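Down below is the structure, laid out as structure tokens.
The values are calculated or read from the model by the stated rules, or taken from the named source; none is laboratory data. Since the model is a prediction, treat every value here as computed from it, not as a measurement. Please note: Cβ atoms are built from the backbone with ideal geometry, for glycine as well, and neighbour counts cover all protein chains shown. Side chains included, ligands, DNA and RNA excluded: accessible areas come from the protein's heavy atoms. Shrake-Rupley method; radii C 1.70, N 1.55, O 1.52, S 1.80 Å.
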Amino acid sequence: MDSVIPGPDGQPRCRWCAAAPEFLHYHDTEWGFPVTDDLRLFEKLCLEGFQSGLSWRTILAKRENFRAAFQNFDYRRVARFDERDVKRLLADSGIVRHRGKVEAVIHNARMAEALVDREGSLASFFWRREPDPTQLAESQTISTSAASQALSRDLKKLGWKFVGPTTVYAFMQAVGLINDHAKECVTRIQVERARRALLLPTP
């Protein structure tokens, strides 16, 4: 039971959600729940890239600023960004001002457009790479996996940037490609129900 702590309602939750006040709501309503909306998938992969070397608390606190700066992560609009937009973003104190990461989001938006043209949607591409739940490691014991390494390689072959296996594993956790809530966590059951009810969009 070391992996969980009692929540405000007395129900067990993943220990990490007590690390910051804003984590509880994120844990209970977002983390691990299956995402099939292309814009939200693109957002989550971009934000995981921005998190590299930083804390998730930093990114979560700035998320609304990121959404405003990157047109709500509409990859079709971000793909049209140019050097003037890069300069604007690097001057925006509300986000993480890292040129490589900013340019990667714009570049990856163009890669997303190409991927959707070929695959029909980002959701169909990512969810075809959902790992076998019976082959997963114990919850929250690893930061990368064979599945995240394979997805990272696939994305890099397609030209995507800032999509290393650790970043991709965090993305897979966040969007529900794996349910990495602790076994005793009350939210794990809710995530499993949402995963069973998942209806993928038709390409």
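Residues in region 3-16 that are surrounded by 15 or more Cβ atoms within 10 Å (Cβ to Cβ) and in contact with a strand residue (DSSP E or B) (Cβ under 8 Å, 6 or more places away or on another chain): Ser3, Val4, Ile5, Gly7, Pro12, Arg13, Cys14, Arg15. Under the condition of being of a type outside the set (D, E, K, R), open to solvent by 40 Å² or more (accessible area, probe 1.4 Å) and under 13 Å from Ala104 (Cα atoms), the residues counted in region 153-167 number 1. Taken over region 168-190, residues that are surrounded by fewer than 22 Cβ atoms within 10 Å (Cβ to Cβ) and either farther than 25 Å from Ser52 by Cβ or among the acidic types (Asp, Glu) (or both) amount to 6. The criterion of at least 3 residues that are within 16 Å of the chain's Cα centre (by Cα), in contact (Cβ under 8 Å) with a residue 24 or more places away in the chain and over 24 Å from His98 (Cα atoms) is met by the following helices (runs of 4 or more DSSP H) wholly inside region 1-78: 23-29. Within region 87-99, residues that are without any contact (Cβ under 8 Å) to a residue 24 or more places away in the chain reach partners that are open to solvent by 50 Å² or more (accessible area, probe 1.4 Å) with beta carbons closer than 6 Å, at six or more positions or on different chains, in the pairs Leu90/Arg97. The residue that is nearest to Leu177 (Cα to Cα), among those in region 63-87 that are buried (at least 19 other Cβ atoms within 10 Å of the Cβ) and not hydroxyl-bearing (Ser, Thr, Tyr), is Phe73. Taking the conditions exactly as written (open to solvent by 60 Å² or more (accessible area, probe 1.4 Å) and either aromatic (Phe, Trp, Tyr) or at pLDDT 95 or above (or both)), does Asp37 satisfy them or not? So Asp37 passes the test. Can you find a residue in region 46-67 that is among the hydroxyl-bearing types (Ser, Thr, Tyr), out of contact with any Lys or Arg (no Cβ under 9 Å at 6 or more places or on another chain) and more than 21 Å from Ala174 (Cβ to Cβ)? No: zero hits.
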